[in-house]
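What follows is calculated from the coordinates using simple rules that are stated; it is not laboratory data. Just so it is clear, the model here is predicted, and its values are computed rather than measured. Quick reminder, even Gly has a Cβ in these numbers, built from the backbone with ideal geometry, and neighbours come from all protein chains shown.
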Amino acid sequence: MAFDCISCSGFSASCSPSGSFLHLGFARDVIFRSSSPSRRKIPLRFPRASSSSDPLLVQAARGDLVNRPPAWMMRQAGRYMAVYRKLAEKHPSFRVRSETVDLIVEISLQPWRAFHPDGVIIFSDILTPLPAFGVPFEIEEVKGPIIQNPISSEDDLNNLHSIDLDKLQFVGESLKILRSEVGEHAAVLGFVGAPWTIATYIVEGGTTRTYANIKSMCHTAPHVLKSLLSHLTRAISEYIIFQVKSGAQCIQIFDSWGGQIPPNAWEQWSRPYIQEMVRVVRKECPQVPLVLYINGNGGLLERMIGTGVDVIGLDWTVDMADGRRRLGNKVAVQGNVDPAYLFCPLPALTDEIHRVVRSAGRRGHILNLGHGVLVKTPEEAVAHFFDVVKGLRYDSLFKESMLENLEPVA
């Protein structure tokens, strides 16, 4: 279901140096021991300026030197929190909760009040903007999102129209209030679904486990799919810009189902459209970092760089050290603690946080889970997660590691 598997805050029911050394990041030119006798320097590649007054998360996303990694969680707001479950009992409709300003703000701020993460993400869903460009949908408690008139032919495309942002004012108003509430103490995050992922729902008519219809459409009606993806690209780009102008300081793009197609198919049917969105948004909002997350992205990491985003989120199936080696200094990274660690003894969670942070390096890392917070996650574990990261300091954490990995000088 869209609200269970994709939305990071919705219905959370939802460089490459060789060798085996520990990558310490790229905060400055560091000399590493490797299989090569030569010393190598790692150049930086973060061209856009930023301000030290920006929230920590924004600074890290841009690659600035910071004293610790910022942290937030996908599906940060949701039913693992008792206060959310109580509110949901009073307002049982997800559409009501995610399309009513007072409820959006209240739910978005619940984890902020409880844990003070470095990012406060709007409570919403990737399908929220669909009715604004001609795709009405419903949500059933068991089945999830239902699109009564899925697109399967060229005639069906006639139902689409340009996005009507007036129909999404509840999103804009909520972001303005959130920005006012958290000030500069945390970054306000918006999010969208990538064209391919949104298209899967529109073509399949809802949630699917096989993606048979849209995969078939790639070959049986490619012109229809291209037209749909192009339309979604324009609409979602406008929606991103709308969120930014309303107060979002960072945007996460969820191509959650991009990992359900082979890498060469993703290159054809997803990457160009994300790349175009990034180009359009960058022109209008050049200082706002863009994050790209794909569930099951281990085979796509290097290809994801070509989208032009600032940050690539890693799911927990990718080793952070390996991910950092593969991505190098081309982008920042986000992730990727296994959500199941929040059910483990707290010392084990602490150790895993330290491991992930060391593997990611001391520059260009946003600590997060490798997927969303799981149902029934203990709130004390979430609190511990944020307490640990707030107590971290790169200088002390990396002191011993740097001594171990510096190449000895004769």
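Counting neighbouring Cβ atoms within 10 Å and putting the fewest first, the residues Cys285, Cys250 line up as Cys285, Cys250.
In terms of packing, defined here as the mean over residues of other Cβ atoms within 10 angstrom, the peptides 236-248, 254-266 line up highest first as 236-248, 254-266. Taking other C-beta atoms within 10 angstrom as a stand-in for reagent exposure, Ser108, Ser53 fall in the order Ser53, Ser108, fewest first. Determine the percent antiparallel among the DSSP beta bridges restricted to the range 2-405, to the nearest 5. Percentage antiparallel, nearest 5: 15.
Rounded to the nearest 20 debye, the dipole magnitude of the range 84-182 is 540 debye, with +1 charges on Lys and Arg beta carbons, -1 on Asp and Glu beta carbons, and the Cα centre as origin. Could you pull out the pairs from Lys86/Lys245; Lys283/Lys390; Lys86/Lys176; Lys167/Lys376; Lys283/Lys330 whose alpha carbons sit more than 27 Å apart here? Result: Lys86/Lys245; Lys283/Lys390; Lys167/Lys376 exceed 27 Å. Residues of the range 93-120 falling in the label zone of Asn159, defined by backbone nitrogen less than 20 Å from a point 7 Å along Cα to beta-carbon, are 95.
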